[in-house]
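Visitor: Just dropping this structure here.
The values are calculated or read from the model by the stated rules, or taken from the named source; none is laboratory data. In this text the structure is predicted, and so the values were computed from the model without any measurement. All Cβ positions, glycine included, derive from the backbone under ideal geometry; neighbour counts span all protein chains shown.
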2 protein chains.
Amino acid sequence: HHPQCMAHQYRLPVHACSRQLSLMTGLPRRLIMLVKMILFAMVFSGSAVTAFVVSASLSSSNARMLSPLGMCHADHIVDLQAQHPALSPSLILSSLADSCEEMGMKTLDVYGDFNLTSEESSLRKLEANLSDTFGKEDAVFMPSGVMAQNIALLIHATEKKKLFACHHSSHLLLHEQDAYRELLKMEPIIIDTTNENAAGGLHIPAMRSHHVKSIFLSRTNAEQLSTLILELPHRELGGKLTPWPEVLQIGNMCRTHGVKYHCDGARIFEAAAGYGLNLKEIVEPFDSVYISFYKGLGGLSGAMLMGDAKFCQEARVWLRRLGGNLYTLMPYIISAHAGYHKHVIDPCMTFTEKKEKLQRIIQRLSSDPLISAYVTFDPKIPETNMVHGYMTTSIEECKTAIQEVEKVTGIRILSRIRPVEANERAKQLGYQTKFEWTMGSANGAIDDNQFLNGWRAFSHCFSQPDK
Amino acid sequence: HHPQCMAHQYRLPVHACSRQLSLMTGLPRRLIMLVKMILFAMVFSGSAVTAFVVSASLSSSNARMLSPLGMCHADHIVDLQAQHPALSPSLILSSLADSCEEMGMKTLDVYGDFNLTSEESSLRKLEANLSDTFGKEDAVFMPSGVMAQNIALLIHATEKKKLFACHHSSHLLLHEQDAYRELLKMEPIIIDTTNENAAGGLHIPAMRSHHVKSIFLSRTNAEQLSTLILELPHRELGGKLTPWPEVLQIGNMCRTHGVKYHCDGARIFEAAAGYGLNLKEIVEPFDSVYISFYKGLGGLSGAMLMGDAKFCQEARVWLRRLGGNLYTLMPYIISAHAGYHKHVIDPCMTFTEKKEKLQRIIQRLSSDPLISAYVTFDPKIPETNMVHGYMTTSIEECKTAIQEVEKVTGIRILSRIRPVEANERAKQLGYQTKFEWTMGSANGAIDDNQFLNGWRAFSHCFSQPDK
């Protein structure tokens with residue numbers, strides 16, 4: 001009935017090593033070890049049970065028999081939009097328990113472990129690993145990116161310098177309840193590129209060096225500006241990147257004017273793959289950088305703020321003041337460790353491979369006359385492993401078609417779509433529905449042709465509505 | 001060799017139900033179920049393995065055989081100071097995975113689940129449970145108490161009312177890096193009771209109604225004061241309580257002067273048992289209250305801020321601004337749920353029983369001439385299940401004696417002691433070492449006589465140093 005839906009099914013040969021099985025399925029290693037122990041114990045107990053063991057390559061039917069152990073996956077749908085596997089809270093926590101043992105995390109971090117070394121504390125070890133990898137003097141783990149970036153602004157600001165500059169699509173302007181004003185008592189200089197595309201169309205450009213140059217023409221700005229924030233990549237623009245030479249030029253301008261240069265690196269691993277740079281190179285121009293553990297790295301939550309030693313020392317004081325210095329951050333620390341290891345240190349698919357796969361697929365979807373009649377991508381060629389899509393059909397029409405395609409093919413082309421807002425450029429161009437699409441290790445494991453098949457079936461719903 | 005050290009040893013009769021075994025040991029129920037499945041499977045496989053099953057009441061030696069399953073406890077020391085069992089990160093997470101299944105938590109909360117109902121979201125369900133139990137209109141889960149109380153101050157403050165009042169031992173003054181000033185731009189009116197004990201001695205009184213009355217004598221105070229914070233119980237004073245009639249009187253004064261009355265209820269369950277009130281009664285006088293999940297409830301971290309609907313609506317906006325509205329709080333939510341259930345809804349030992357046990361033991365220690373020569377408690381009779389202790393011996397002398405006692409008796413009388421600071425009253429009285437002692441369900445399970453035996457052995461180290 002669902003011929004294409006093999007991606008999430010488990011076939012667990014009982015003789016394979018539990019580490020392999022764990023990697024194949026994303027299931028906690030301890031659970032797999034226990035299942036194997038039970039099966040081996042049953043081998044001793046006579047033929048009736050042995051028969052079960054013999055057939056113990058876990059198809060979905062006998063995976064269900066093991067559901068009390070948490071072995072059964074939620075569904076067997078091919079989800080084209082899911083960059084990470086969707087696990088239940090119980091499975092996430094079991095898996096993190098395994099990671100604690102694999103990574104030798106034996107004690108809880110307590111109030112940031114500020115006085116411990118990276119040998120004594122898993123939290124400090126994660127901070128040391130990251131600051132080393134990124135070539136910054138120190139790093140401070142924080143519960144959220146909102147907190148990390150507010151803290152960066154607070155440290156860089158002075159009594160006379162209460163302005164910061166950022167792109168009009170910055171997270172600080174759109175999603176933080178005006179914390180910069182209400183809490184930090186700072187004001188933004190907004191670099192608005194909305195109307196810069198003379199040719200029309202969906203494209204809105206990323207921050208460029210000439211924007212920053214024009215800011216500094218105002219003497220007030222130059223005197224009162226404390227921090228310039230550059231987001232790499234621009235998430236709200238579908239992952240666009242400021243051209244690398246201009247990233248460096250902007251850095252030079254900031255230095256000349258005594259302005260701190262901060263990188264919003266929520267998707268820094270994605271950006272590095274976009275530029276073809278390593279992690280040290282991409283953050284080298286910046287005085288401070290924030291990175292996130294729950295986007296590309298698939299962690300629970302959590303961020304790292306990095307910079308020089310004095311900056312990080314102050315960051316730990318502000319972390320306390322903002323209430324982010326928790327009694328323990330243990331679940332987030334082990335989740336960050338595990339995500340960093342799985343997606344950066346020893347990945348089954350690199351961020352470069354994810355970008356290239358998305359580029360291939362977008363190229364094929366965009367050059368298919370049927371599909372491209374119903375969806376347009378921005379940017380046209382993805383610059384990282386993410387892209388935004390726009391559809392002329394309404395959100396209700398899309399949902400109906402998505403469900404229809406899933407019922408017939410077992411392929412879910414989209415699970416998160418949103419209406420285009422009235423004030424968006426895309427609205428004037430006739431688009432009603434939009435979505436964000438990121439290639440990760442989950443949807444990255446799906447064959448390219450499945451993407452074509454799914455989108456073709458979706459487009460058919462509109463071109464041949466009676467069939 | 002350690003005749004008294006049975007408290008943490010496991011004797012797991014294989015026929016007992018796994019829920020009982022889980023409660024007895026604090027071990028995750030799923031692990032126990034799996035061990036039992038393996039043992040039962042082994043019964044089928046002949047006498048050699050059956051013999052193992054027959055002896056499967058888990059003494060410490062065969063508990064060690066099960067250590068790959070995480071069944072082995074860290075040590076078998078009787079820890080008189082530990083209110084909760086000390087579990088490894090891996091065991092904590094496995095146990096929380098079990099709780100997810102027991103409590104039916106099937107989905108992750110995402111960015112606070114602000115638009116979901118308590119039927120749809122475990123986070124909102126926890127908030128609804130607590131606001132219902134405490135008789136407040138709404139409740140907002142937050143990562144930390146620092147954040148919760150800063151948010152309460154921000155909401156209650158207005159442009160003209162930037163003062164708040166609190167006791168000199170308040171957490172806000174001692175442990176938050178002056179966030180009230182540096183971040184909130186507010187200033188405290190400090191009710192300092194340090195020198196109010198005319199009789200001398202260790203005792204420093206809690207906040208009383210006459211202190212608050214004297215604040216309002218100043219017209220500036222009365223005009224600019226937005227919030228009065230009362231901590232129940234006063235943690236830094238060893239758990240002392242403001243007399244209940246005065247809690248109500250202070251509330252009346254606040255109402256008269258248009259001042260919001262906020263309860264620092266980090267240990268509200270302890271305070272309620274101290275007064276003999278239920279949870280609705282104890283927070284009834286307050287406009288807002290903060291409670292904590294990682295003290296008496298043994299959770300990982302996390303707090304709840306409660307008040308009327310409008311207050312909580314604003315609190316969710318500030319939660320975002322302070323960076324506490326995380327992508328997911330799932331591990332903290334399930335940990336709070338489980339701790340609340342274990343210690344409040346269906347406790348093996350109530351907070352009243354914990355208080356009474358501590359009172360009994362302090363009475364016996366204080367009336368023992370040998371022991372009372374080396375340790376003094378404040379308050380003399382605990383008002384809740386916590387107390388502070390002061391010793392004239394140095395921290396090094398104490399540590400040596402503690403280790404000696406542990407080696408000989410298997411009883412660890414203290415694991416966390418601190419030096420008395422130069423500016424403390426206790427220093428002038430000749431005390432060098434101090435500690436906090438809270439009775440919980442872990443040390444609460446230890447026989448009263450063990451406490452006497454341990455402290456007597458400790459005192460012997462000083463009275464007969466050559467033995």
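Visitor: Where in segment A:299-373 are the helices (runs of 4 or more DSSP H), entirely inside, with at least 1 residues that are modelled with pLDDT of 95 or more and in contact with a strand residue (DSSP E or B) (Cβ under 8 Å, 6 or more places away or on another chain)?
Guide: In segment A:299-373, A:309-321, A:330-340, A:351-366 are the helices (runs of 4 or more DSSP H) which contain 1 or more residues that are modelled with pLDDT of 95 or more and in contact with a strand residue (DSSP E or B) (Cβ under 8 Å, 6 or more places away or on another chain).
Visitor: Now for a separate question. May I ask you to list the residues in segment B:208-234 that are surrounded by fewer than 23 Cβ atoms within 10 Å (Cβ to Cβ) and under 30 Å from B:M439 (Cβ atoms)?
Guide: Within segment B:208-234, B:R208, B:S209, B:H211 meet the criteria.
Yes/no matrix, rows are residues, columns are (1) under 19 Å from A:N385 (Cβ atoms); (2) among the small types (G, A, S); (3) touching a Lys or Arg at 6+ places or on another chain (Cβ under 8 Å):
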site	(1), (2), (3)
A:I229	no, no, no
A:P243	yes, no, yes
A:Q249	no, no, no
A:H257	no, no, no
A:G307	no, yes, yes
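Visitor: What is the residue count in segment B:130-140 for residues that are out of contact with any helix residue (DSSP H, G or I) (no Cβ under 6 Å at 6 or more places or on another chain) and surrounded by 17 or more Cβ atoms within 10 Å (Cβ to Cβ)?
Guide: Total meeting the criteria: 3.
Visitor: Here's another thing I want to ask about it. Tell me, yes or no, whether segment A:245-268 has at least one residue that is part of a helix (DSSP H, G or I), buried (at least 18 other Cβ atoms within 10 Å of the Cβ) and among the acidic types (D, E).
Guide: Yes, segment A:245-268 contains at least one residue that is part of a helix (DSSP H, G or I), buried (at least 18 other Cβ atoms within 10 Å of the Cβ) and among the acidic types (D, E).
Visitor: Among the residues of segment A:86-118, how many are polar (S, T, N, Q) and assigned to a loop (DSSP other than H, G, I, E, B)?
Guide: Counting residues in segment A:86-118 that are polar (S, T, N, Q) and assigned to a loop (DSSP other than H, G, I, E, B) gives 5.
Visitor: Looking at this structure, is A:E314 outside the structural domain of A:P382 (by TED's automatic domain parsing), closer than 28 Å to B:D178 by Cα and touching a residue at least 12 places away in the same chain (Cβ under 8 Å)?
Guide: Working: outside the structural domain of A:P382 (by TED's automatic domain parsing): yes; closer than 28 Å to B:D178 by Cα: yes; touching a residue at least 12 places away in the same chain (Cβ under 8 Å): yes.
The answer is yes for A:E314.
Visitor: Still on this structure: Considering each of A:A271, A:A206 in turn, give the residue that is more than 21 Å from A:I151 (Cα to Cα), within 16 Å of the chain's Cα centre (by Cα) and among the aliphatic types (A, V, I, L, M).
Guide: Details: A:A206 fails: within 16 Å of the chain's Cα centre (by Cα).
Every option except A:A271 fails the conditions.
Visitor: Separate question: Please enumerate the residues belonging to segment B:130-169 that are outside any loop (DSSP other than H, G, I, E, B), within 14 Å of chain A (Cβ to nearest Cβ) and within 22 Å of the chain's Cα centre (by Cα).
Guide: Across segment B:130-169, the qualifying residues are B:V140, B:F141, B:M142, B:G145, B:V146, B:M147, B:A148, B:Q149, B:N150, B:I151, B:A152.
Visitor: Suppose we filter segment B:193-240 for residues that are closer than 21 Å to B:H171 by Cα and in contact (Cβ under 8 Å) with a residue 12 or more places away in the chain; how many remain? Explain how you work it out, then say what you get.
Guide: Taking segment B:193-240 and keeping what is closer than 21 Å to B:H171 by Cα, we get B:193-196, B:202-209, B:211-212, B:215, B:225-240.
Add one more test, that the residue is in contact (Cβ under 8 Å) with a residue 12 or more places away in the chain, and what stays is B:193-194, B:202-209, B:211-212, B:215, B:225-240.
Result for segment B:193-240: 29.
Visitor: Residues being in contact with a helix residue (DSSP H, G or I) (Cβ under 9 Å, 6 or more places away or on another chain), at negative phi and either not assigned by TED's automatic domain parsing to the domain that holds A:H156 or not in a helix (DSSP H, G or I) (or both): count how many of those fall in segment A:219-239.
Guide: 9
Visitor: Right, here's the next one. Does at least one position in segment A:430-447 carry a residue that is in contact with a Gly (Cβ under 7 Å, 6 or more places away or on another chain), in a helix (DSSP H, G or I) and either outside the structural domain of A:H234 (by TED's automatic domain parsing) or not acidic (D, E) (or both)?
Guide: No, that holds for no residue.
Visitor: Can you pull out the residues in segment A:56-108 that are at the interface with chain B (Cβ under 8 Å from one of its Cβ atoms), more than 23 Å from B:E102 (Cα to Cα) and modelled with pLDDT under 90?
Guide: Matches in segment A:56-108: A:E101 only.
Visitor: Further question on the same structure: Name the single residue that is farthest from A:H210 (Cα to Cα) among those in segment A:153-198 being crowded, with 22+ Cβ neighbours inside 10 Å and of a type in the set (S, T, Y).
Guide: A:Y180
Visitor: Name the one entry in A:V375, A:V283 that is crowded, with 21+ Cβ neighbours inside 10 Å and in the same structural domain as A:G135 (by TED's automatic domain parsing).
Guide: A:V283
Visitor: Tell me which residues, restricted to segment B:271-298, are assigned to a loop (DSSP other than H, G, I, E, B) and within 14 Å of chain A (Cβ to nearest Cβ).
Guide: B:F293, B:Y294, B:K295, B:G296, B:L297, B:G298
Visitor: Still on this structure, please answer the following. Please work out which residue is nearest to the other protein chains (Cβ to nearest Cβ), limiting yourself to segment A:109-129 and to residues that are crowded, with 22+ Cβ neighbours inside 10 Å and of a type outside the set (G, A, S).
Guide: Looking at residues that are crowded, with 22+ Cβ neighbours inside 10 Å and of a type outside the set (G, A, S), I get A:D109.
Visitor: Can you find a residue that is among the basic types (K, R), within 30 Å of A:E314 (Cβ to Cβ) and in a loop (DSSP other than H, G, I, E, B) anywhere in segment B:189-211?
Guide: no
Visitor: Go through segment B:202-251 residue by residue and tally those that are polar (S, T, N, Q) and under 20 Å from B:A152 (Cβ atoms).
Guide: 5
Visitor: Okay, moving on. I want to confirm something. Restricting to segment B:378-415 and keeping residues that are of a type in the set (S, T, N, Q) and either crowded, with 22+ Cβ neighbours inside 10 Å or in contact (Cβ under 8 Å) with a residue 40 or more places away in the chain (or both), which single residue is farthest from B:Q464 (Cα to Cα)?
Guide: Checking each candidate, the answer is B:T384.
Visitor: Given the criteria within 19 Å of the chain's Cα centre (by Cα), surrounded by fewer than 23 Cβ atoms within 10 Å (Cβ to Cβ) and not charged (D, E, K, R), does A:G302 qualify? It would help to see each step written out before you state the result.
Guide: Values: within 19 Å of the chain's Cα centre (by Cα): yes; surrounded by fewer than 23 Cβ atoms within 10 Å (Cβ to Cβ): no; not charged (D, E, K, R): yes.
Against the criterion (within 19 Å of the chain's Cα centre (by Cα), surrounded by fewer than 23 Cβ atoms within 10 Å (Cβ to Cβ) and not charged (D, E, K, R)), A:G302 does not qualify.
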